[in-house]
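Input: a single structure, listed below in structure tokens.
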Amino acid sequence: MARIVMKFGGTSVANIERIRAVSAFVRREIDAGHGVAVVVSAMAGETNRLIGLCADAGPPAPTLDARYIEHDTVVAAGEQISSGLLALVMQNLGYRARSWQGWQIPLKTSINHGEARISEISDSAIGEAMDGGEIAIVSGFQGIAPTGRISTLGRGGSDTSAVALAAAIGAARCDIYTDVDGVYTTDPRLSKQARRIAKISYEEMLEMASVGAKVLQTRSVEIAMAYKTPIRVLSSFDPPDAPGPGTTICDEDDIVEQNIVTAVTPDFNEASVTVLAVPDEPGRAARIFTRLAEAAINIDMIVQSASREHGFANISFTTKEDYLERALEVLNSDKEAIGFSSLQSDRNVTKVSVIGLGMKTHAGVAGTMFQTLADKGINIQNISTSEIKISVLINSDAAEYAVRALHDAYGLGSPAKPADENA
Ligand code: ADP
Ligand code: ASP
Ligand code: MG
């Protein structure tokens, strides 16, 4: 009997009717003779509602204080409700099923509440129950910190719960059911031209997730890559008896034909900061980024433009919008030691990235990107690259237009070739 993990996101469990639809997908796997663990998210909108309640009770300080621990206690409740409801629905259909909360497994995490990382999952009790024919319905997103308190894994964290559980119990695969029928060449909500990708490598999916394609949480792909867990992304809105082929996330070697560019991904959740007139001498940049790191502020694109003549440099970087206020506070509190004249910030910026393994071996991808944006009169504020990704920062007003133009420029909208399906 193979063990498999199925994960259903918020829209897939949005109400009892949707939970009944989910139960049909689960029955299919049980009837096929598999041992099944089902990881569920909170019902659509529920996590946001719970976060809102916490904010009404007093905004959490982004530190390890008691208030933030209670924040996790509240927001983890959304998943507890959906796991209990799905267990009830399965029981009413005559199946043996039970809900598992993170602390009951236990799924152990680090102490950083709100963005905890999974440190260990005990497979003994849950594995035994599954082998005994009981369906394990697991609350995603939540775990238990070393202090014994409930922790959560960051937004979209149920994906990570599912993949980590799959790795821990040696599952044959992890199926992520969501509201789209696979991973697309760009967010299908942004472009009608977006095309489903039949197979994508872990490496490309990791880049896509880390630059903002929210279809999978970044950490979930890291874990899948490390443990070689096969993932499929499928739609829970397909008929349960005939789901579409979805997208398989697998090793690069298992993909027959590789495109040069696989996807275009926007991240609207960016903000930029420019530190003006910093003395152009050793140690100043180190001071800026050490202060930000100490405040647990993640930094992304960095650009320095030095004016040698005048002995000053401007240093720009991007961070997530949520971190912006804190980044400005941290820098202003150290203004004298860093020695800058003033700070500029902009929330109306979007990072647009093109991703593709083929970039390792093909030249000209950057040229096409910059020329396409230039032809559309779109100004590039910042650039960063990795081996298989190029990102540019542009004004948000032009972002959707830029995504569609780049999608066209790399021929991503053209009909799928048979080889694309890796048939
Ligand atoms: P869930 O609640 O099931 O976890 P999410 O909302 O977190 O679902 O993720 C699914 C969403 O990801 C889709 O509705 C889609 O708009 C978005 N998305 C962004 N980029 C992509 C992409 N390249 N391919 C597919 N979906 C994408
Ligand atoms: N419910 C959590 C969120 O909305 C976790 C998840 O959906 O994956 O972020
Ligand atoms: Mg999600």
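Since every read-out is calculated from the coordinates, none of them should be taken as a lab result. Since this is a predicted model, take the numbers as computed values, not measurements. With ideal geometry, Cβ positions are generated from the backbone for all residues, glycine too; neighbour counts draw on all protein chains shown.
Take the residues of the stretch 167-197 that are hydrophobic (A, V, I, L, M, F, W, C), out of contact with any Gly (no Cβ under 8 Å at 6 or more places or on another chain) and away from ligand 3 (no atom under 16 Å from the Cβ): which is nearest to residue 224 (Cα to Cα)?
Filtering the stretch 167-197 for residues hydrophobic (A, V, I, L, M, F, W, C) gives 167-169, 171-172, 174, 176, 180, 183, 190, 194, 197.
The next check asks that each one be out of contact with any Gly (no Cβ under 8 Å at 6 or more places or on another chain); those that pass are 167-168, 171-172, 174, 180, 183, 190.
In the following step, the residues that additionally are away from ligand 3 (no atom under 16 Å from the Cβ) were identified as 167-168, 171-172, 190.
Details: 167: 8, 168: 11, 171: 11, 172: 12, 190: 27 Å.
Restricting to residues being hydrophobic (A, V, I, L, M, F, W, C), out of contact with any Gly (no Cβ under 8 Å at 6 or more places or on another chain) and away from ligand 3 (no atom under 16 Å from the Cβ), the top hit is 167.
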Within the stretch 215-251, residues being part of a loop (DSSP other than H, G, I, E, B) and farther than 25 Å from residue 16 by Cα number 6
Per the filter on the stretch 112-131, residues free of Cβ contacts under 8 Å to residues at least 24 places away in the same chain and more than 21 Å from residue 76 (Cα to Cα) are 124, 125, 128
Filtering the stretch 1-57 down to residues that are more than 10 Å from ligand 1 (Cβ to nearest atom), of a type outside the set (A, V, I, L, M) and either buried (at least 16 other Cβ atoms within 10 Å of the Cβ) or under 15 Å from residue 175 (Cα atoms) (or both) yields 3, 18, 23, 25, 27, 28, 29, 34, 35, 46, 54
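Per-residue answers, yes or no, for (1) of a type in the set (A, V, I, L, M, F, W, C); (2) closer than 30 Å to residue 298 by Cα; (3) out of contact with any Phe, Trp or Tyr (no Cβ under 6 Å at 6 or more places or on another chain):
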{"position": "237", "(1), (2), (3)": "yes, no, yes"}
{"position": "246", "(1), (2), (3)": "no, no, yes"}
{"position": "261", "(1), (2), (3)": "yes, yes, no"}
{"position": "274", "(1), (2), (3)": "no, yes, yes"}
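Tell me which residues, restricted to the stretch 152-186, are among the charged types (D, E, K, R), crowded, with 20+ Cβ neighbours inside 10 Å and over 13 Å from residue 7 (Cβ atoms).
Correct list: 181 only.
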Next item on the list: Determine if the stretch 258-272 includes at least one residue that is outside any helix (DSSP H, G or I), out of contact with any Gly (no Cβ under 8 Å at 6 or more places or on another chain) and farther than 21 Å from residue 403 by Cα.
Entry: no
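Output the residue which, of all residues in the stretch 309-355 that are in a loop (DSSP other than H, G, I, E, B) and not small (Gly, Ala, Ser), is surrounded by the fewest Cβ atoms within 10 Å (Cβ to Cβ). Talk me through it step by step, then tell me what you get.
Just the residues of the stretch 309-355 that are in a loop (DSSP other than H, G, I, E, B), to begin with: 309-311, 334, 339-341.
Okay, now just the ones that are also not small (Gly, Ala, Ser), so 309-310, 334, 340.
On the way: 309: 7, 310: 9, 334: 16, 340: 23.
Filtering the stretch 309-355 for residues that are in a loop (DSSP other than H, G, I, E, B) and not small (Gly, Ala, Ser), the one surrounded by the fewest Cβ atoms within 10 Å (Cβ to Cβ) comes out as 309.
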Log entry, pairs with first residue in the stretch 198-222 being touching a residue at least 12 places away in the same chain (Cβ under 8 Å), second being within 15 Å of ligand 2 (Cβ to nearest atom) and of a type in the set (S, T, N, Q), beta carbons closer than 7 Å, six or more apart or on different chains, reads 206/218; 209/217; 209/218; 212/269; 215/178; 217/160; 219/160; 220/160
The residue from 83, 139 that alone is surrounded by 15 or more Cβ atoms within 10 Å (Cβ to Cβ), touching an Asp or Glu at 6+ places or on another chain (Cβ under 9 Å) and within 19 Å of residue 25 (Cβ to Cβ) is 139
Quick count over the stretch 174-202, residues being basic (Lys, Arg), out of contact with any helix residue (DSSP H, G or I) (no Cβ under 9 Å at 6 or more places or on another chain) and either in a strand (DSSP E or B) or within 16 Å of ligand 2 (Cβ to nearest atom) (or both), is 1
In the stretch 241-257, anything in contact (Cβ under 8 Å) with a residue 40 or more places away in the chain, of a type outside the set (Gly, Ala, Ser) and surrounded by fewer than 17 Cβ atoms within 10 Å (Cβ to Cβ) is listed as 241, 245, 251, 252, 254, 256, 257
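Just to verify a result, which residue in the stretch 5-42, among those that are over 16 Å from residue 154 (Cα atoms) and in a loop (DSSP other than H, G, I, E, B), is nearest to ligand 3 (Cβ to nearest atom)?
Here is the first cut: in the stretch 5-42, the ones over 16 Å from residue 154 (Cα atoms) are 5-8, 11-38.
Checking the rest, the ones that are also in a loop (DSSP other than H, G, I, E, B) come to 14-15, 32-34.
Working: 14: 13, 15: 18, 32: 26, 33: 29, 34: 23 Å.
Result: 14.
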